[in-house]
1. Pairs please, first residue from region 113-124 and touching a residue at least 12 places away in the same chain (Cβ under 8 Å), second anywhere and exposed (fewer than 15 other Cβ atoms within 10 Å of the Cβ) and not in a helix (DSSP H, G or I), Cβ atoms under 8 Å, 6+ apart in sequence or on different chains.
2. Give SER201, SER197 a once-over and let me know the one that is more than 24 Å from CYS20 (Cβ to Cβ), in contact with a Leu (Cβ under 8 Å, 6 or more places away or on another chain) and modelled with pLDDT under 75.
3. How many residues are closer than 22 Å to ASP165 by Cβ and of a type outside the set (D, E, K, R) if we restrict to region 1-29?
4. Taking ARG146 and the conditions (1) crowded, with 16+ Cβ neighbours inside 10 Å; (2) modelled with pLDDT under 85, which numbered condition does it fall short on, given that it satisfies the others?
5. Got a sec? Which of ALA182, ALA167 is over 30 Å from PHE103 (Cα atoms), out of contact with any Pro (no Cβ under 6 Å at 6 or more places or on another chain) and in a helix (DSSP H, G or I)?
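The values are calculated or read from the model by the stated rules, or taken from the named source; none is laboratory data. For clarity, every value in this text was computed on a predicted model and none was experimentally measured. Neighbour counts are summed over all protein chains in view; Cβ atoms, including those assigned to glycine, are modelled from backbone coordinates with ideal geometry.
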Amino acid sequence: MILFDAGDVSHPIGFNVLACPNPLVRPLVASGLGGRRGVQETVRRLVGPRLEHILRNALLTLLDVPGTTLVSLLRLLGDLRYRQEMLRHVRDPVVRNFWDHEFAGWPPKLRAEAVAPIQNKVGHFVSSPLLRHVVGQADARLDLRRVLDEGQILLVNLSKGRVGDDASSLLGSLLVTSLQLAAMSRADVAEDRRRTSSSSSMSFRASRPNRSPQSCRRPASTG
């Protein structure tokens, strides 16, 4: 049995939603994390086309850079030098064009106003040392694919009284998004060898599902 307790100060379990070595599915991960069941969950009242566009490109940027975490999102949006350093690792020309031309072409006041909702809400989330120790670890210790493959019992404690209302909602949404990715990734195992898993072996609080069809695992070599 695995207990994921977001309020555990002494033994925080790392949960890095941006740890995705498979480049083929990073757009799907960004879509899931940046969608209305992911990071947008905590900025739901302020979501608009522009904010969603910025958030998607920011997540795609960080997914392309090894060792980044959700904590890196704030620095990417607010630190020009850091953003330029990150772009050195980005291969997607569409993402690079967004930062180099579209975003850079906006007046400074418009840029500041556009990213403020993300900085405000996500900043509140990662400013907590308790949660930063969970989502700020580059090496994720919580392997949801292994939980499903081995039929382990996963208990998740996201008590609002310990981590806060917004943080509980966002962390729960991110966990379910990642769990859905892990579940769909089991298509690479023959059905007769696939161990049956069910939600009865897991307990969540303040979370909602988000559908994504592939795995973040590194693609198998064909050579």
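1. ALA114/TRP106
2. Answer to the check: SER201.
3. 9
4. (1)
5. None of the others qualify; the one that does is ALA182.
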